[in-house]
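Structure record follows, encoded as structure tokens.
Laboratory data are not the source of any read-out in this text; all were calculated from the coordinates shown. Keep in mind the model is a prediction, meaning the values are calculated, not measured. Ideal geometry is used to build each Cβ from the backbone, glycine not excepted, and the neighbour counts take in all protein chains shown.
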Amino acid sequence: MEAYTEIREAVARLCAGFPGPYWRALDREMTYPTEFVTALTESGYLSVLIPEEYGGSGLPLSAAAAILEEVQRAGCNGGACHAQMYTMGTLLRHGSDAQKAAYLPAIAEGRLRLQAFGVTEPSSGTDTGSLKTTARRDGDHYVVNGQKIWTSRAEHSDLMLLLARTTPRSEGMKRTDGLSVLLVDMREAIGNGLTIRPIRTMMNHATTEVFFDNLRVPADNLIGEEGRGFRYILSGMNAERILIAAECVGDAKWFIDKAKRYAADRSVFGRPIGANQGVQFPIAKAYANMRAAELMVREALSLYESGTNPGAEANMAKMLAADASFEAANACIQTHGGFGFAEEYDIERKFRETRLYQVAPISTNLILAYLSEHVLGLPRSY
Ligand SMILES: Cc1cc2nc3c(=O)[nH]c(=O)nc-3n(C[C@H](O)[C@H](O)[C@H](O)COP(=O)(O)OP(=O)(O)OC[C@H]3O[C@@H](n4cnc5c(N)ncnc54)[C@H](O)[C@@H]3O)c2cc1C
């Protein structure tokens, strides 16, 4: 698999312009890193997956993974903009030529942002098949009613990829049938049936809840066929899991590097703390687990790029990488003793940020349940 060394170096150079103090100031005020996202957009990194004919670089998912890994490795936070990469798969694989021509060039140029992904609802949670938001066909429009929660970046996006029920659930129907994907242009929708309310969280993530009240969406904005949306979203979700796993690997590398340097520099009892096995072993273990997770990310990427939908590998990559990043975060904070808790070291901020990936975009329990049922053939537990 291509290493993307030049892209990685260029992303690292860009990220060097956004050091700890930049992120700390945003974190304090819970504000969106607009300058950072603009810099990534203008350098073309957020459009690497868009085919060249539409103005992007036409690179595979592994290029996006390399970019996001480097962003995290540099101490920045790709959570502000990673959705443009992972929602892209649904649009590229299932959107019509007319939709691609209408949106992709403007996204590639940075005039249009595709950063919002509306799946989770307050009452359905992980049980996507039971979501309640409806899209009812009315002439050449769909009329959308309902609510989404945790729709991140909605205030900083022009477009939202929305999953809604177009056919009511009925006896004998598969629970995930009857769902459809709509591309919602939020520029026209806000104030005309769409309301966005920010949710403050333990880290700076620009997440929101979104309300639909008779929002009219042109039927032309339906992605693929009506009722088959869950399948389309799944390929996007696998891309999402793989990319977030790459981000977690980047986080783990940042924590390990920070811990290693501090363990070598900090002297207590007249010698570096890193000379103690009790300090060095947790860092070494975190390193080994990060490398194992990195291999699974590569395996998932190569399967995804061969055109399949590697559910098991995408899920395992995400779980192993999220565990590796959180283990590294713990080792890093412990290595730093009291200083690990001081804002100016950035560790507590990154610690809070990487903790999210034990829960989102899919929680560890649900990954284990997936593996138990679909890989090991055990009875479905839910
Ligand atoms: C900051 C943030 C950003 C997010 N961004 C987005 C976004 O942009 N778009 C979007 O659509 N969603 C987003 N999400 C939602 C995220 O994907 C969900 O929070 C996640 O999938 C878990 O769903 P839930 O919160 O409803 O938890 P629930 O489904 O209510 O689960 C709660 C707990 O119970 C456990 N659990 C549930 N069922 C079972 C079972 N059968 N067996 C064992 N354990 C079980 C889960 O593992 C979890 O730990 C975001 C969430 C957060 C916190």
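The simple spin-label model puts a point 7 Å past each Cα toward its Cβ; for Thr134 and Asn276 those points are separated by 6.3 nm.
Footprinting exposure proxy ranking of Phe117, Phe255, Phe269, Phe212, fewest other C-beta atoms within 10 angstrom first, gives Phe269, Phe212, Phe117, Phe255. Give the shape of region 194-338 as rounded, prolate or oblate, defined through the alpha-carbon gyration tensor: a ≥ b ≥ c are the square roots of its eigenvalues, a/c under 1.5 means rounded, and otherwise the shape is prolate if a/b is larger than b/c and oblate if not. Here region 194-338 falls in the oblate category. Distance between the C-alpha centres of region 139-209 and region 251-296: 42 Å, rounded to the whole angstrom.
Computed over the chain with a Gaussian network model linking Cα atoms closer than 10 Å, the most mobile of Ala106, Ala328, Ala66 is Ala106. Each label was represented as a point 7 Å from its Cα along the Cα-to-Cβ direction; for Glu52 and Arg93 these points are 2.4 nm apart.
By the beta-carbon count within 10 Å of each Cβ, the least crowded to most crowded order of Ile223, Ile199, Ile244, fewest first, is Ile199, Ile223, Ile244.
A full extension of the chain between Ser302 and Thr5 corresponds to an added length of 105.2 nm, given 0.36 nm per residue minus the alpha carbon distance. Here the Karplus curve 6.51 cos²θ - 1.76 cosθ + 1.60, taken at θ = phi - 60°, turns the phi angles of region 242-255 into couplings of 5, 5, 5, 4, 4, 5, 5, 4, x, 4, 4, 5, 4, 5 Hz, with x standing for Gly and Pro.
How much of the pair distance distribution for the chain lies past 38 Å, counting alpha-carbon pairs only, in percent? Summing the P(r) of the chain above 38 Å gives 18 percent of all pairs. Listing Trp23, Trp254 from fewest to most neighbouring C-beta atoms within 10 Å gives Trp23, Trp254. With one equal scatterer per alpha carbon and no solvent term, the Debye-computed log10 I(q)/I(0) for region 334-382 at 0.14, 0.16 1/Å reads -0.54, -0.59.
The convex hull drawn around the Cα atoms of region 1-99, when projected onto a plane and averaged over every direction, covers 6.8 nm². Subtracting the Cα-Cα distance of Ala106 and Ala25 from 0.36 nm times their residue separation leaves 26.1 nm of extension gain.
Counting only Cα atoms, the size of region 280-382 along its three principal axes is 46, 30, 23 Å, in decreasing order. Taking the three principal axes of the alpha carbon atoms in region 228-301, the coordinate ranges are 65, 16, 14 Å, sorted in descending order. For region 78-217, the average shadow cast by the Cα convex hull is 9.1 nm², which is a quarter of the hull's surface. In plain terms, the chain is cut at each of the GluC sites (Glu not before Pro) found in a DSSP loop with at most 14 other Cβ atoms within 10 Å, and the longest leftover piece is 3-170. When the Cα atoms of region 18-68 are aligned to their principal axes, the ranges along those axes come out at 41, 19, 15 Å in descending order.
Approximating the spin labels as points 7 Å out from Cα along Cα→Cβ, the Leu378-to-Arg200 distance works out to 4.1 nm.
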